[in-house]
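For reference, the structure is listed below as structure tokens.
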Amino acid sequence: MTWVAWRTQRPQLLAVLGLAVLLALWLATTGLGMGYSPTWKYWTELDVYVLMALPPIIGLVVGAPLVAGELDRRTQRLAWTQGMSRRQWVGWKIVVGAATVVAASGLLTLLTQWWVTAVSISPLSNSGGFTGVKIQPNVFDVTGVVLIGYALFAFAVGAALGALIRRPGWAFAAGVPFVAVARLVVRSDLRAHLVAPAVVSNLSGALSNKLDHAWVLVGGIVPDGRTSPPPGSTWGTPYPGLTACVSASKDHSLTGWSHCLVANHLHYVIRYQPESHYWALQGLEGGIFIAASLVLLGVVVLAVRRIPA
């Protein structure tokens, strides 16, 4: 059955593996060029956006036709008349497809980990562009185990939509916004809270060395005894007493600013995710997408059982 699953999915699987090889060659070439040549000019942020999009594309290319392709051609009937249950049929197809997706995204993970390091030590990292700090959102999205989670999630989305819509092209088209929205929600609303952020406070507003290589979430002035704004206010809420104190003061140095903060019972707070939280966030976010993938693959099995013979 493994051989049959391979044969029926061979075009998609070979396309994904070929894409992974081409990307590997590109990353190796650009990584070596950026790491050793001060005149390398080919790196742009477009590379990062491509790397963000690639795992979902890999997953959807393999997942969308997993069931829908067979249903579209009506070739599933032959397998179901050969003494094979529907659960076995779809199970083997899922195993082969998921293994290919994991292999391709795993290779991509190893390459991007090395590539980011090469970028961070290149002359470009000092030009105000790419810093190579992995906790930052753009870099976080193209490194670590989350790439495997993203690819598996897209694979499961494509397979589930394919089993429901029964048209591979439409399943792929519907899967793109579905995966994009899920990624955006997790990145924008959930990731920062998966691990409790660290807090730094002072009376000057000066950045602490604790923020080196950190992902700064939010910061501002709050009353003493608090690490977040009180109810009904925000990080940007003005404090009239502080404004008046600063305006009246003839000392505009950090010392004068600190004096006004103390006089108004205020202090400056920054909430951030330190670089040490990188792997914890990677594991939790990757786990969320893998868990969602298992649920969606369960939907695939249930949908196949309900398909008319």
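Given a 1.4 angstrom probe, I'd like the percentage of the accessible area of region 210-309 that is carbon and sulfur, rounded to a whole number. Mind showing how you got there, number by number?
Working: 3570 of 5570 Å².
Summing carbon and sulfur atoms, their accessible area is 64 percent of the total for region 210-309.
Full-extension gain between L184 and L254, please, as 0.36 nm times their residue separation minus the C-alpha to C-alpha distance.
21.3 nm
Distance in nm between label sites at S228 and R86, each 7 Å beyond Cα in the beta-carbon direction?
Label-label distance for S228 and R86, simple model: 4.7 nm.
So how do 145-151, 194-200 stack up, highest first, on mean other-Cβ count within 10 Å?
Packing proxy ranking, top to bottom: 145-151, 194-200.
Taking every alpha carbon pair in region 143-243, what does the distance histogram look like in 5 angstrom bins from 0, in percent?
2, 9, 14, 15, 12, 10, 8, 8, 8, 7, 4, 2, 1
Take each of the peptides 53-65, 152-164, average the number of other beta-carbon atoms within 10 Å over its residues, and list them starting from the highest.
Descending mean neighbour count gives 152-164, 53-65.
Starting from the alpha-carbon convex hull of region 257-309, give the projected area averaged over all orientations, in nm².
7.2 nm²
Quick check: residue separation of Q113 and R306 times 0.36 nm, minus the Cα distance between them. What number comes out in nm?
Stretched out fully, the Q113 to R306 stretch lengthens by 65.2 nm.
Arranged from highest to lowest average of other beta-carbon atoms within 10 Å per residue, in what order do the peptides 228-238, 165-175, 286-296 appear?
Ranking the peptides 228-238, 165-175, 286-296 by packing returns 165-175, 286-296, 228-238.
When only the heavy atoms of the protein chains count and the probe is 1.4 Å, how do D141, D189 rank by accessible area, highest first? Numbers along the way, then the final one.
Details: D141 5, D189 105 Å².
From most accessible down to least: D189, D141.
Sort out for me the Cα centre separation of region 189-238 from region 86-114, rounded to whole Å.
40 Å
Which length gain, in nm to one decimal place, applies between L25 and A244 when the Cα-Cα distance is subtracted from 0.36 nm times their residue separation?
72.8 nm
The values are calculated or read from the model by the stated rules, or taken from the named source; none is laboratory data. The model shown is predicted, which means the values in this text are computed figures rather than measured ones. Cβ: placed from backbone, ideal geometry, glycine included. Neighbour counts: every protein chain shown. Protein only, heavy atoms only, side chains kept; ligands, DNA and RNA dropped before computing areas. Shrake-Rupley method; radii C 1.70, N 1.55, O 1.52, S 1.80 Å.
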